[in-house]
1. Mind computing the radius of gyration and Dmax over the alpha-carbon atoms of the chain? Å is fine for both.
2. Normalising by the residue count of region 128-236, find the relative contact order in percent from Cα pairs under 8 Å and 6+ residues apart.
3. In what order do TYR65, TYR59 fall by count of nearby beta-carbon atoms within 10 Å, going from fewest to most?
4. Report the Cα-based extents of region 2-110 along its three principal axes, largest first, to the nearest Å.
5. Work out the FRET efficiency for ASP113 and ASN180 from their Cβ-Cβ distance, taking R0 = 45 Å, and round it to the nearest 0.05.
6. Work out, in µm²/s and without decimals, the Stokes-Einstein translational diffusion coefficient of region 129-241 at 4 °C, 1.567 mPa s, Rh from Kirkwood over C-alpha pairs.
7. For LEU146, put the label point 7 Å out on the Cα→Cβ axis and report which residues of region 159-176 keep their amide N under 18 Å from it.
8. Using helices alone, what [θ] at 222 nm do you get for the chain, with -39,500 (n - 2.57) per DSSP H run of 4 or more residues, divided over all residues and rounded to the nearest 500?
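FYI, it's all coordinate maths here, none of it is from the lab. Just so it is clear, the structure is predicted and the values come from calculations on it, not from any experiment. Every residue, glycine as well, gets a Cβ built from its backbone with ideal geometry; the counts of neighbours run over all protein chains shown.
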Amino acid sequence: MAIELKKTDSWAKAINAISTFISEGNFRFNDSGISFKAIDPSQIVLVDYSIAKSSFDKYSIEPTYVGVDLVELNKIMSRILQNDRMTLDLTENEMSIHFQGELSRSFRLPLIDVSEQEINVPSTKFDATVEINARMFKESLKDAALFGSSVVLRAKANQFMIEARGSSGTLKTVAKEAKNVIVKTNSEVVSKYSLNFLSNIVKEADPDSKIKLELKGDAPMKVSYSIGGSTIQFHLAHMIL
């Protein structure tokens, strides 16, 4: 049984995004595809990832779940070369990853026991939804990093604002509703988040893609975007305003 993938960028980016927060966790393989769900040790970020079976060139694997060291897996995926084809296989005690291109390379990663804690994805009723171009959002966060370690997000009718404040200055960015920004809300929503966590959450979003932010006043936020044929969602805890 094995999985084959010719376009490996989306898988490598997803592993990089997950491993930023999660050092080890369980991947679930079933007839629908692969999924991963975990909370980071600081309990600030919940990661919910899935990639459909149809995204793979070959998908023949028994339904199972396996514990993996995400940091080591990310190191392996960072070594993939352009035009490499990836084959992934599982045995009882290891994950075998083969890259086939100008070079033929095989890596073996021991499987590990990861405690299977019940993870409940929050079913929050959000008060605002913002869809924004990833490049615009990333640049706005870089601006915010000039002055602060946290960022205040403010959504109201037809506008989305990003604010940062520090001893050396302040920033206020206003994105009005247009082609690259869509704001849906019936009232003004304001909440504060860690700038470092938020920047790392969106780092793998394709610059030309859309990032979806779901907000509730002074409450955790849901951030989601697509990486190729996969979907990755983050629930980020808020900070006290």
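1. For the chain, the Cα radius of gyration and maximum Cα-Cα distance read 19.3, 58 Å.
2. Values: 245 pairs, mean separation 32.8, N = 109.
Normalised by residue count, the contact order of region 128-236 is 30 percent.
3. Numbers: TYR65 16, TYR59 19.
Going from least to most buried by this count: TYR65, TYR59.
4. Cα spread of region 2-110 along its principal axes, largest to smallest: 42, 27, 25 Å.
5. Details: r = 45 Å, r/R0 = 1.00.
That pair, ASP113 with ASN180, gives E of 0.50.
6. On the way: Rh = 13.9 Å.
Estimated diffusion coefficient is 93 µm²/s.
7. Residues passing the 18 Å test: 161-175.
8. Details: 4 runs with 38 residues, N = 241.
That comes out to -4500 deg cm²/dmol.
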